[in-house]
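Novice: Sharing a structure with you now.
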Amino acid sequence: MPHERIEINPDIMGGKPVVRGTRIPVETVLRKLGAGMTAEAILAHHPRLTREDILAATRFDPSDQHGSAPRALLTGGGQKVKCTLGKLD
């Protein structure tokens, strides 16, 4: 399944999933959320990101692209990230 806001390109960040149009890895967004950083704080630190980019990062499933990727990427390195219909908690 293609992702509108997430891309994987071997020439960008070594092929890590990144927010499209940036060099910001999905993993970075998830780790920050998992560490307790708010979406607003992430947006302040990364002004090129949008709230929709953060939501896309939380919904991204690397197995859609690679078939078998580490699930830890989806949970911000072990921290669960709660996401409900358009709202980050």
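Novice: Which count do you get for residues in the range 41-64 that are farther than 16 Å from Ile6 by Cα and either touching a strand residue (DSSP E or B) at 6+ places or on another chain (Cβ under 9 Å) or surrounded by 15 or more Cβ atoms within 10 Å (Cβ to Cβ) (or both)?
Specialist: Filtering the range 41-64 for residues farther than 16 Å from Ile6 by Cα gives 41-45, 47.
After this cut, where a residue has to be either touching a strand residue (DSSP E or B) at 6+ places or on another chain (Cβ under 9 Å) or surrounded by 15 or more Cβ atoms within 10 Å (Cβ to Cβ) (or both) as well, the list is 42-43.
The total comes to 2.
Novice: Take the residues in the range 1-51 that are among the polar types (S, T, N, Q) and in contact (Cβ under 8 Å) with a residue 12 or more places away in the chain, then tell me which one is nearest to Asp61 (Cα to Cα).
Specialist: Thr22
Novice: Let me ask something else about it. Anything in the range 22-65 that is under 25 Å from Pro10 (Cα atoms) and assigned to a loop (DSSP other than H, G, I, E, B)? List them, or say none.
Specialist: Hits for the range 22-65 are Thr22, Arg23, Ile24, His46, Pro47, Arg48, Leu49, Thr50, Phe60, Asp61, Pro62.
Just so you know, all these numbers are worked out from the coordinates, no wet-lab data involved. Everything numeric here is computed off the predicted structure, so don't read it as measured data. No Cβ is skipped: glycine too gets one built from the backbone with ideal geometry, and neighbour counts run over all protein chains shown.
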